[in-house]
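So the structure is just underneath, and the comments pick up after that.
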2 protein chains.
Amino acid sequence: MGEIIKGKPVADKMTDDLTAEVAALNAKGITPKLTIVRVGARPDDLAYEKGALSKCQKVGLATEVKELPLDITQDDFIAELRKINNDSNVHGILIFRPLPKQLSEEVIKYEIAPEKDIDCFSPVNAAKLLEGDKSGFPPCTPTAVIEILKYYNVPMEGKKAVVLGRSMVVGKPATLLLLNENATVTICHSRTKDLPKVVSEADIVVAGIGKAKMVKADFIKEGAVVMDVGINLDENGNLCGDVDTEACVEKASLITPVPGGVGSVTTSILAKHVIKACKALNNL
Amino acid sequence: MGEIIKGKPVADKMTDDLTAEVAALNAKGITPKLTIVRVGARPDDLAYEKGALSKCQKVGLATEVKELPLDITQDDFIAELRKINNDSNVHGILIFRPLPKQLSEEVIKYEIAPEKDIDCFSPVNAAKLLEGDKSGFPPCTPTAVIEILKYYNVPMEGKKAVVLGRSMVVGKPATLLLLNENATVTICHSRTKDLPKVVSEADIVVAGIGKAKMVKADFIKEGAVVMDVGINLDENGNLCGDVDTEACVEKASLITPVPGGVGSVTTSILAKHVIKACKALNNL
């Protein structure tokens, strides 16, 4: 019988550390600032925004939300973004995606200043992620996975990690971040054959495939560590992850719940990235 | 007992196809051109250059070599590169690396025009590789691996592939390219525990770890396909790969030799990428 490990103690520890870092910057006359760019008012975006603002304010960051009209043209959007890029008071920029159809993410991703792009929208940060260049900003969610593993002293070097899913926001970056930690990583997806067997060889499982409770007990090796990055609704409309937590906790050593697991650390990573960007921009 | 599969038939087929493509472009008044930028005259570079020029000329490409002095300053190098970027007659640029110490690859990689960067030096192409965006140019060597697998009708979808090595020129891009083909990919490296066992589960092995003949028969599953990307010298000073070919061919179904395997397809990929770049630059 394993232990369900929450994100909260990780987030709390980070809050303490980041608050101290911001205080040290304040003492130098610097206040790190996050600007959120939101087009329209999608409920998902508003929910994440609320959590992000609350976390950032708690650690002492300045914040601003730039709400843009749903029908904004691409030229106007880019003009707004360039203003924020050029504003020396802003250190981190988060753009909610997906953007409405008239805005081309393929074009706009080249416009965001890479040094302020704290959630890996810019190709510059995607390339740094691939290269293992730690000066960049990998996406917040898989970074939270690594942060939790480190907090709970889970060894990664030489361990077998299996990542379920190959998205740009979870699967691929999680694979590369685990590789940076010297894990031996297998990346699985919808075309993987005999998925339960492949996953059952893992010391560390990262599930980000987007299917409610699809990871069952037979996927899990005795003593494995399971990180659930899924956010789904179950048949009763309740929030759940990609992992059948109740079934898998019987075999796992550590397992993150949904909600209250990886997701509750993501905004702390966001705040950490704003501070990192601020320091780099100030040559600190 | 398996079959040793050479790169030559793959390269020959590609030569035929590319020659026809160039002829079609010529008919439109377009001649694709490769410019090689070489600093100094390292024997390795000269050897590769000779092969690359010969292949490109064979399929009808225009070629040019810009040889720059070993002590060129970064500013002068960048000025030369910008001239080539801006030369509308040039469609593909290959810069030999590593560059001498006074030249920062970290700076220069942002200078090469991504649309002419046919061997994945630019972060834009690294990001496209990570995203699975096929408009980019992945590195030539791992692309040659995929080309050979396709030529010999090796199924990749749903197969277990194991990549040895995590370099930016072989291991990481090979992983992503195999993932694009819907293989389930495991990436191994110097810290991987029980390497022979991990590799022996693979249907497809790609060895790019840079250790002479380190892959032995006990690494190979009966019937596996083995792609040897290593280029090393054995104890007698002879060229050899990462795979002990003689021992492994007993168990593998197909195995590429060194020399005469993957390396002999790389320049064909280079030529293919020049043509692809030329077509894109001409909106064809």
- Of all the residues that make up the range A:226-236, how many are closer than 22 Å to A:Ala161 by Cα and in a loop (DSSP other than H, G, I, E, B)? 3
- When residues of the range A:163-184 are filtered for being within 24 Å of A:Ser122 (Cβ to Cβ) and at the interface with another protein chain (Cβ under 9 Å from one of its Cβ atoms), how many remain? 7
- Task: Would you check which residues across the range B:142-162 are in contact (Cβ under 8 Å) with a residue 24 or more places away in the chain and within 14 Å of another protein chain (Cβ to nearest Cβ) and list them?
- Result: B:Pro142, B:Met156, B:Glu157, B:Gly158, B:Lys159, B:Lys160, B:Ala161, B:Val162
- Message: One residue is enough: does the range B:145-166 have a residue meeting the conditions more than 19 Å from the chain's Cα centre (by Cα), at positive phi, in a loop (DSSP other than H, G, I, E, B) and at pLDDT 95 or above?
- Response: yes
- Members of the range B:237-280 found to be closer than 30 Å to B:Gly92 by Cβ and in a loop (DSSP other than H, G, I, E, B), listed by number: B:Gly241, B:Asp242, B:Thr256, B:Pro257, B:Val258, B:Pro259, B:Gly260, B:Gly261, B:Val262
- Message: Cβ-Cβ under 7 Å, sequence separation 6+ or interchain: first residue in the range A:28-41 and under 10 Å from A:Thr63 (Cα atoms) and of a type outside the set (D, E, K, R), partner modelled with pLDDT of 95 or more and in a loop (DSSP other than H, G, I, E, B). Which pairs?
- Response: A:Pro32/A:Leu61; A:Pro32/A:His91; A:Leu34/A:Leu61; A:Thr35/A:Val90
- Query: In the range A:1-117, which helices (runs of 4 or more DSSP H) lie fully inside it and hold 2 or more residues that are of a type in the set (S, T, N, Q)?
  - Reply: A:8-27, A:43-59, A:74-86
- Item | Residues of the range A:156-178 satisfying the condition of being of a type in the set (Val, Ile, Thr) and within 17 Å of A:Pro139 (Cα to Cα) | A:Val163, A:Val169, A:Val170, A:Thr175
- Of the residues that sit in the range A:194-248 and are without any contact (Cβ under 8 Å) to a residue 24 or more places away in the chain and acidic (Asp, Glu), which one is surrounded by the fewest Cβ atoms within 10 Å (Cβ to Cβ)? A:Glu235
- Query: If you check B:Gly208 against the conditions, is it in contact with a Lys or Arg (Cβ under 8 Å, 6 or more places away or on another chain) and farther than 28 Å from B:Gly60 by Cα?
  - Reply: no
- Of the residues in the range A:100-133 that are among the basic types (Lys, Arg) and within 13 Å of chain B (Cβ to nearest Cβ), the one that is nearest to A:Val37 (Cα to Cα) is A:Lys109
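The values are calculated or read from the model by the stated rules, or taken from the named source; none is laboratory data. Small disclaimer: the values here were computed from a predicted structure and weren't measured. Every residue, glycine among them, receives a Cβ derived from its backbone with ideal geometry; neighbour counts consider all protein chains shown.
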